Amino acid sequence: HVEFEEPTGEAIVVGDGELVLRDPRPLEKSDHRSPLAGRGTTRFIWTGELQTIRIDERHYRIEMEGDVEMLHKGLDGSVGMLTADRMEALAVDVQPYSPKARRGEANLALAGMDLQQLIADGSVYVATPTRRIDCDNFDYDLRTGVASVVAKPNRTVSVVTEGSPYPVRARSVIWNMDPSIDTITIQDLRGTGPWRM
């Protein structure tokens, strides 16, 4: 079931679905990139529902529910994955929606979206070439490159770093996902203070 409002570009998609966002523009030196973000192709799949909500002329909130999976392949070939029960993405349309310009297109397309923020809730799993994380909430600001990773009360965040045989467990983690930095700050590690890795 699909509902699409032409004046706003908003949509509701009920049931299994897939959304592909492409940003093939050449990478600028100042652009943020990581295995989950930046120029390239991002694919979302879900089993429940997708809704796009227009915030203003260029900004959209995209909400997905039900076994949501996101795969991102950057222009440099790096690949990252994020899965969760529910996911929300804030995005900027690099070619703002215009009913006149898009009239006559046969399919609903949001192909020029530039992701700004990703929020994932419930059974969250993140995989990049350097780390794998299990948590309950993942809030990633793509403009700063920093992700806040949190566990529910009485649970822990689990971080496995490539080359390390054991996971690190903590209440919460701050992860700078910029590939040139790629550090995590562990908070509440078995009752100790912040720790960097």
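Since every read-out is calculated from the coordinates, none of them should be taken as a lab result. From a predicted model like this one, the values you see are computed outputs, not experimental measurements. As a convention, Cβ positions derive from the backbone with ideal geometry for all residues, glycine included, and neighbour counts pool all protein chains shown.
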Place a point 7 Å from the Cα of Ser123 in the direction of its beta carbon; the residues of region 1-25 whose amide N falls under 18 Å from it are 15-17
Kindly provide the chymotrypsin sites (Phe, Trp or Tyr not before Pro) of region 107-177 that DSSP labels as loop, not H, G, I, E or B, and whose Cβ sees at most 13 other Cβ atoms within 10 Å. none
Ordering 7-14, 167-174 by per-residue average of other C-beta atoms within 10 angstrom, highest first, gives 167-174, 7-14
Provide the net charge surrounding Ser172, with neighbours chosen by a C-beta distance below 12 Å and charges set as Lys +1, Arg +1, Asp -1, Glu -1. +1
Please give the Cα centre distance for region 113-182 versus region 1-74, rounded to the nearest Å. 20
Please get the size of the charge dipole for region 1-60, origin at its Cα centre, with Cβ charges of +1 on Lys and Arg and -1 on Asp and Glu, quoted in debye to the nearest 20. 540
